[in-house]
Every structure is written in C-alpha cells, then in structure tokens.
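To start, the structure itself, in structure tokens.
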Amino acid sequence: MKKIHLYLISDSTGETVSSVAKSAMAQFGGVEVEEHLCSFVQTIGEIDKWFGVIREKPGIIMYTLVDKELSEYLEKMSKDLNILCISVLSRVISDLSEYLKLPASKQTGKQHELTQEYFSKVDAINYSLSHDDGQASWDLDGADIILVGPSRTSKSPTCLYLAYKGYKTANIPFVTGCELPQNLFNLKKPLILGLTIRTEILVQIRKNRILTLSIKEDTSYVDSQEVEEEIKEAKKLCLENNWPVIDVSRRSVEETAALILQYLEKKKIGDMAQERNSLGEER
C-alpha cells in the first residue's frame, strides 16, 4: 500500500478542494491518503507556515486560491521543493470565462454567500430533521420527497443527504402490522419511493445495531424469515401504490440519492405534461 500526504489548501472552507480530491483519489487503488486540510489561507505567511509541515512530510498539494499573488507564490514554493501542485479550479474558471466572455469575480468563498439558495437548503435540512422516522406525519404535503421502507434501509442518511442538496425529504418506517399514515396515500405533490435491501444484508445491519444497544438477539427484528417477509410486504405495498422501489443493497447514499433525483425529474416532467393536457381540455 503506497502512502501519500495530500495537502488541501484553500482560501475558504476547503469544501470544494476536498470534494475534488476525494473524487480524484478514488480512481487510484492501492494508495493510502493522509489528508491535511489547510483552510482559510489568505496570506503568504500562512502559506509559509504550512510549508514548514510540507518540508518534513512531502506529498501532493491541491488548492483553490483566487488571489493571483498567493497562487503564484504557492506554485513557486512547490516548484522549488519539486512537489506536485494542482489548482483544481483554474482551468475550469478560465475556460468558463473564455466561453462566457466575462471576467471571473476573484471573490473568495463566493459559493458560500447567504443567498436564497442557502436559506432554502437550511429550511430543507430543518424539515427533514423534524420529519425523520415518521415524525410529524400530518405535515407530509410540504415534502419534495418521501421515503418508505423497513428499518435500517438507510432512509435517514439519504434524507439528510437530499436535504443538504435543498430537497425537503421525509421518511416513514414500514413496520409489519403497523399502518402507515393515511394521508400518505392521498398526496399529489411529493415523490414517494420505497427503499429495499437484500435480506441477509439487512439482518447483519440489524444485528450490528442490536449489539450497540446491548439487546439480546432472539427477536423477530433479526430473524431471517421474519425480515424476508417484512421486505416482501414493503415491496408489495409500494407496487400497489405505484411507488418506485430502489434496492440499496450495494448502493452508497450518494448513488441512491442520484437515482431518487432522476425519478423526481421524471415526475416533474410528467406533472408538467399532465398540467398542459388539463389546460388543453379546459380550452
């Protein structure tokens, strides 16, 4: 296993360079990465301070610095030490500037401004937290997305991930013998989906959960036959109500969320077509 030090230098929170670095390094197996996040770097003195560490533990530098003087200084220092230094946005920004025939603003942290989009995202996160695991089920019409599925099918983390992207997402647990909220079946606005998972995987996840809670395992919660029946009943319910079902057995939260957003886009297109047809009939 090859080990490298990866220095992520940013004049803001470092969120952008961290995301790019993670996506890029995921393409290289057999590499153990030790990340060093150097955020809010806005002076040459701060760059010098980090190079004190870099000299002792050389590695790769990836950065997002909009100040030309800082980026040139960083590049020079890296070249002197024969260290690979990568600007993750310079080519993107220059290409966009050329295409749009507009200069870039060079404003640090521009993407983190308190815009309406930011407040909408915060609102979505608050909504998802207050509508987690069947809470506030009387107020589901305000959701963009509702997830239904057995316990431990990654409903909550998927909801929060979607909320971070600005979508109000609620989740309702499916429990054998317990009725779902009746208003769920009359909703028109939200996209409702079911999450399912392979029986053996769900049983193992639940066993691990029980161990953390120090509960005895002899319960239907982890009985393979009971769990398999629970999954079948949940799938049947979704099919009866024409709710799409996503198998999360081998999917990450990000992959599940991406698929959900594809379904949401299809629903929006379908709703628009239906609205046009209705308007046509009225005329």
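The values are calculated or read from the model by the stated rules, or taken from the named source; none is laboratory data. All values derive from a computational prediction rather than experimental measurement. So basically every Cβ, Gly included, is an ideal-geometry build from the backbone, and we count neighbours across all protein chains shown.
Things to note:
- Total residues in segment 190-247, condition over 14 Å from Thr176 (Cα atoms) and among the charged types (D, E, K, R): 10
- Condition met for Ile215 (part of a helix (DSSP H, G or I), surrounded by 11 or more Cβ atoms within 10 Å (Cβ to Cβ) and at pLDDT below 95): no
- Residue list for segment 145-194, filter: touching a Phe, Trp or Tyr at 6+ places or on another chain (Cβ under 8 Å), more than 21 Å from Lys266 (Cα to Cα) and not small (Gly, Ala, Ser): Pro150, Leu180, Pro181, Asn183
- Among the residues of segment 52-85, those that are of a type in the set (A, V, I, L, M), more than 22 Å from Ser19 (Cα to Cα) and assigned to a helix (DSSP H, G or I) comprise Val53, Met77.
- Residue pairs meeting the criteria (Cβ under 8 Å; at least 6 apart or on separate chains; first within 21 Å of Arg198 (Cβ to Cβ), in segment 211-223; second assigned to a loop (DSSP other than H, G, I, E, B) and modelled with pLDDT of 85 or more): Tyr221/Ser151
- Just one of the listed residues (Ser278, Ser220, Ser224) is over 21 Å from Val175 (Cα atoms) and more than 26 Å from the chain's Cα centre (by Cα), and it is Ser278.
- Selected residue (criterion: surrounded by the fewest Cβ atoms within 10 Å (Cβ to Cβ)) from residues of segment 229-270 that are in a helix (DSSP H, G or I) and of a type in the set (Ser, Thr, Tyr): Tyr263
- Residue tally, condition in contact with a strand residue (DSSP E or B) (Cβ under 6 Å, 6 or more places away or on another chain), buried (at least 18 other Cβ atoms within 10 Å of the Cβ) and either assigned to a loop (DSSP other than H, G, I, E, B) or among the aliphatic types (A, V, I, L, M) (or both), over segment 7-51: 6
- Every residue from segment 24-48 that is under 19 Å from Met77 (Cα atoms) and acidic (Asp, Glu): Glu46, Asp48
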